[in-house]
Every structure is written in C-alpha cells, then in structure tokens.
Amino acid sequence: MKPLRTAIVIATLVTLSSVVSASASATFAWTKAKQAALPAGATGLPAGYLPTLSCVSAGNCEAGGAYSSANGTVEGMVLNEVNGTWTKPTTLVAPANAAANPGLTVYGLSCGAIGNCAVVGSYQDSALNIQAFVANEVNQKWSTAKEVSLPVNALGTGQTALVRSVVCMSSGSCSAVGSYLDNATPTPRSVGFVVDEVGGSWQNASEISVTSSTNSDPYVTMGQISCSSASNCVAVGSFIDVNDVGQGLLVDQVNGAWSRGVTLTLPANASAYAGASLSEVACVKRSNCAVLGTYNTNTGAVEGLSATESGGQWPRAQELVMPSNAATNPHVFLYGFQGLACATSGNCSLGGQYENGAGQFEGFLENENAGAWKSAVALALPSGAQQAGKNGGVVAISCPRVGSCRAGAAYLDRTGIYQALVVTETNGTWQRGTEVILPGAATSVGVDGGVYSVVCVSTNTCTATGSYLGASTMYEGFILNS
C-alpha cells in the first residue's frame, strides 16, 4: 500500500480480498476473493498496478491495468466479466508507432454499455516519447490503441503526455482529460487537455485554458472527470498561478462545449501559499457535482476540502473537519482513485488518511447529508490493529444508496504487516472494518498492492478489484464479488 505522492496521483491502494463481513447487513456479504487470470505469459502486475474498474450492471464489469511479460515488456490489459463469469483477459494492442517495450499503462476505464468501453493512458513510442492513448471496445472486441491527436501546440520530440481519466455515458460517447507538453520556448510547459469521443470517433484534443494568470509554466495536472449526462461533465486538477502558488482547477463542459478552467475559491483559513489541488469529482446530475482536494491553512496545516456545485455555481470550498484525535497538522492525504462517491445530490461520502496526535496515520470517512458535510470519523480497525499506517487509510468508496456505502482500506495488523479491510455503512453509520482474506496462501498485500476500485450497482451487489503479494514476491490481481 505505498502511495506515489507525486503531482499526478497514480497510486497506492488498498486491498480488498475476500471476506464475509460480520458487520455488514444480513443481506450483504463479500465472497472469497479469487485470483485474477492474467494473459498467457504474464509474470505478474508491475508495482501491483490494477487501477480501474467499471460495471454496467450486476455481473458485467471490466477492469484495466498492466502486466509484465516473460520477456520483460510491460503490456496493457483488460479483465472482462460477462454475465457473472470472468472470461479470458485481453492484452491491449499498442499503437503501430509503439516501442518494442511499449510500457502501455492504463489509467482509466469506463463502459457506456455492456461490451462497449474505453480505456485511456500512456505508452512509449519508437522515438522514446511518452504519448497519450485511447482504445475502444465495441461489441466485446477491443480495437488497437490509438495515439491521441494532441493540440497543435504540442511538443514533438521529447513529449510526455497521458490521459488520466475517462467517462463514457453511452456506447461511443466518452470524454477524457489529460496533460501534455507544449512547444513553448525556451522551455516546454506542462498543460492540460480535454478530448471527446463523438459517435464512436475520438476528436482532436483541445488545450485547457485557465481564466486566472498562471506561472510561466502552469504545471497543469488533471485528476478526474465525472459526467452527469452526455456532453455535460466536470474535470478537476491543479495548476500553478502567477504567484507560484498551487490552485484547484475546475473545468466544465456544458452541452458539449468546454469552458475555460476556473479556480476554486478556498476556505477562509487558506494560506496565501495554499498549494491547493483537486483530486476527485463526482456528479449525479447536471450542474450538481462534488469535488474533493487538499490545501494548506494559514497555520501551515495540510487539510482536506470539499465543495458542492449547485445550479452551475461553485461556492467557496469548506474545510473537512477531521476526527477529534487529529494532530494540529493532520497532513490529510487523498489517494485520488475512488475516494468520493455520491448516491444523490447533496448526499455523498469520502475518505482518505490523516495523522493523529500521537503521530500515527489513520483512515477517515466523512458523510454529506442533505448538502451539509458532517465531521469525519476515524476508520474503526479490527481488534489488535496497530494503526492504519503511512500507506494505509481509505482509498475506494461506492454509494449505491443514501446511508448505504461500501469502502476499501488498509491498515497495519498486530505484527506490523499491511492488511486490507472492507467497511460497510449501515443507515448512515460506518461500521468497524473487517479484514479481508487474500487468495490462496497469501498473507499480505505488500507495499504496492491493495484495493484499487469498488463498484456497487445495488446495495447488495458489489465488485472490487486490486492486487496482492503472491508467494513468488510478484504481485497478482484479485477479484471480489458480493
């Protein structure tokens, strides 16, 4: 469970192997986790990376990631569940200009219909540039990945580009966000882009412009995108302003037209050097979304923030209230995968990690009820647990109904080894987490494995995917169903 605390949060993760939760309701239980089948010749998951999951309906899900082959290359893959059965995984075919070792890495996956999905990410071309790619599945058949057509001001040689997140509202109708280097002189700048798929055809990407004055290099980093309907989306990220201060970035798409990015107004106690960043967004209807991020206060503390859009307007963000045992500087950390979920407008849940007054790292969960965020509660760990640990806390949340959510997290057990647990919310109250049982003889998720995604299509039907440390010290994938 080792987070990569970089500008682009790709990582860390919490495991969720199997379990029948004693604290869950009588009608909800996780089955025993199963090892995910990898493509022929795969030796494992590099750094335990299996980041994304999308489910159209019960028993119809797909997960995306990468695997290492016997000859040392890194390939992209998709795991497929059809009518409740996980079938043979698919190796993604890299674009024709890919290097011999394409390093094709999936960052996002979304399905608009059963057997009709899109994956996004990056790969290395034959000239050793890092390029952004998209690939589509149509009627359960994956096409060859396609290099994204970047904006006309994109750098040629030396490019570093990626697509970070994608949402498909229907088959052939998707929107995605990412970043690239432009051709500014004397030094290329890191900027953001949006790209849409219309009628099954990916359009040319467009640069994200920002209304505020930016640093000479804005260092735009895009986190996530969420859509309430086709052509109505919100993307979030961060940029560096003219005063060299990190700001939260909001980019709206309305009726297919992308607006210029705007800065989220920070809480009143924000430092003049707030270093703000938005990592997650969730939309349930048009012009009504929630965002999650972090910022520095005027005392130097790293706190969490949230804001809920109403009628197309973004109010001032508010500080997340950490549990009562939080340190003066709780060093709030968000993993940037699925730590925010909304059942309906104004009814959301979120989770992450904080530091308590004893210097220990703990997980937290926080609910929004009828538009008002409550104080966070500490993640309740199994008996004997030491703490959540620096690489633990809450990573993934899914909320199929108000007051009924599921979460995945990690913690240090009594022997100091990272384990994973699942947590159930019942009637608006988060229960004590239950440790998950890993497949086979596995005893730990290791430092890089864990639960990456949890998706619930109903209160009793959920799927989770992630990775764990196998007997050969290589990471394997797992699948968990309820």
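Find how much the distance from Ala99 to Ala441 grows on full extension, using 0.36 nm per residue of separation minus their present alpha carbon separation; answer in nm with one decimal.
Gain on stretching Ala99 to Ala441: 119.4 nm.
At a Förster radius of 25 Å, what calculated FRET efficiency corresponds to the Cβ-Cβ distance of Ala37 and Arg414, to the nearest 0.05?
Calculated value: 0.15.
Within segment 349-368, find all residues whose amide N lies under 16 Å from a label point positioned 7 Å from the Cα of Val321 along Cα-to-beta-carbon.
Within reach of a label on Val321: 350, 365-368.
Taking a threshold of 23 Å on the Cα-Cα distance, which of the pairs Lys88/Lys141; Lys146/Lys285; Lys34/Lys390 fall above it?
Beyond 23 Å: Lys146/Lys285; Lys34/Lys390.
If I take R0 = 22 Å and measure r between the Cβ atoms of Asp244 and Gln313 in this structure, what FRET efficiency does the formula 1/(1 + (r/R0)^6) give, to the nearest 0.05?
0.20
Taking 0.36 nm per intervening residue step and subtracting the Cα-Cα distance, what contour gain separates Ala127 from Ala29 on full extension?
Using 0.36 nm per residue and subtracting the Cα-Cα distance, I get 30.3 nm.
Where a number appears in this text, it was derived from the coordinates with a stated rule and is not lab data. Quick caveat, the model's predicted, so the values are computed rather than measured. In this analysis, Cβ positions are derived from the backbone assuming ideal geometry, glycine residues included, and neighbour counts consider all displayed protein chains.
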